[in-house]
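First the structure, in the form of structure tokens, and then the observations on it.
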Amino acid sequence: MSPMLETQRPLASDADLVQRLAQRDSTALIEVERRHWSSLYAQVYGMLVESALAERVVREVFTQLWFTAERSPLRPSLWTWLRDMARELARAELALAATRDPEDSSIRRDNEAHTIVHPGTPATGSARSADAGETSTRDTCAG
């Protein structure tokens, strides 16, 4: 006798999950979070370079989703809406951090390179070093 395989429920599409969210189905929200949390977190962390703040922004994205799904369709797709909302909230956090204390903020934007850098990190990036004819240790080491 062969062991009986457990039947699994087919995965719901994002469109189905959005419909369920509009009907206030909290299990749909849990499923959307399970599918998209890590990708959104990676995107937001890449912008903010601060884990606690990135986590807070991603939580806010899902909170916004919960309240928005009932009122308006999420077009063109759920992922696009989540990604755009995450970017918008992360940019707002960057702007807020810049207005608090531009010199002592834990997040600041290097205006010349358009990248996020930590305080105390030199503003010169590897691209600028290469332009100046410098080579880094990483570039010269084999292995």
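Values in this text are rule-based calculations from the coordinates and carry no lab data. Quick caveat: nothing in here was measured; it's all calculated off a predicted structure. In this analysis, Cβ positions are derived from the backbone assuming ideal geometry, glycine residues included, and neighbour counts consider all displayed protein chains.
Here are the numbers for the structure shown:
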quantity: Neighbourhood charge, 10 Å Cβ-Cβ cut-off, centred on R56 and excluding it, Lys, Arg +1 and Asp, Glu -1; calculated: -3
quantity: Estimated vicinal HN-Hα couplings, Hz - the stretch 33-38 in sequence order (Karplus 6.51, -1.76, 1.60; Gly, Pro = x); calculated: 4, 4, 6, 10, 4, 5
quantity: In sequence order, calculated HN-Hα J values of the stretch 50-64 (Karplus, 6.51, -1.76, 1.60; Hz; x Gly/Pro); calculated: 8, 5, 5, 5, 4, 5, 4, 5, 5, 4, 5, 4, 6, 5, 4
quantity: Ranked by how many other beta carbons lie within 10 Å on average, peptides 36-44, 19-27 from highest; calculated: 36-44, 19-27
